[in-house]
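The values are calculated or read from the model by the stated rules, or taken from the named source; none is laboratory data. As the structure is a prediction and not an experimental result, all values here were calculated from the model. So basically every Cβ, Gly included, is an ideal-geometry build from the backbone, and we count neighbours across all protein chains shown.
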Amino acid sequence: MSALTQEDRTRLGRMVVNLLDDWGIGAADQVSILGLPDGTRTRMLRRFQDDTPLPDDPVVMKHVEHLLGIAEALRTTFPRNASIGLIWLKQPCRRLRRRRPMDILVEDGLSGLITVRTHLDCSFAWRETERKD
């Protein structure tokens, strides 16, 4: 997600805040999940839904990239019923040490996003493994 225009970042802001709202994540946790700078007020989220672009910050863009990857992986993992993906996010998962994926997203920052995405998307996991080798 390099060299995004202000318009692109505005569209992404709307999309990702709506996604997090659909997932039932509270505003304070949304600020954290998006990797927004310390001190960002939760009312900024509503501005992102209106017409304010996301910050042109590589950390924020990396968080957004993984959130969109998780959303896509949920759609492909549970193609017949989108609400099953939401249920999966809120249930303890054996492969994630009995933690709820939603808690991992909120509590573990970028590494939590990567953990959940890797669990859902094997092709992403393969690419990550190849990069480490």
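Okay, here's what the table says:
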{"item": "Checklist (1) modelled with pLDDT of 95 or more; (2) touching a His at 6+ places or on another chain (Cβ under 9 Å); (3) not charged (D, E, K, R) applied to ALA125, failing item", "result": "(1)"}
{"item": "Any hit, segment 5-17, residues being part of a helix (DSSP H, G or I), farther than 21 Å from GLY109 by Cα and basic (Lys, Arg)", "result": "yes"}
{"item": "Inter-residue pairs, beta-carbon under 7 Å, first touching a residue at least 24 places away in the same chain (Cβ under 8 Å) and in segment 1-24, second loosely packed, with under 13 Cβ neighbours inside 10 Å and part of a loop (DSSP other than H, G, I, E, B), 6+ apart", "result": "ARG9/ASP56; THR10/ASP51"}
{"item": "Contacts under 8 angstrom Cβ, first residue in segment 75-91 being of a type outside the set (Gly, Ala, Ser) and surrounded by fewer than 13 Cβ atoms within 10 Å (Cβ to Cβ), partner at pLDDT below 95 and in a helix (DSSP H, G or I), 6 or more apart", "result": "ARG75/ALA82; ARG75/GLY85"}
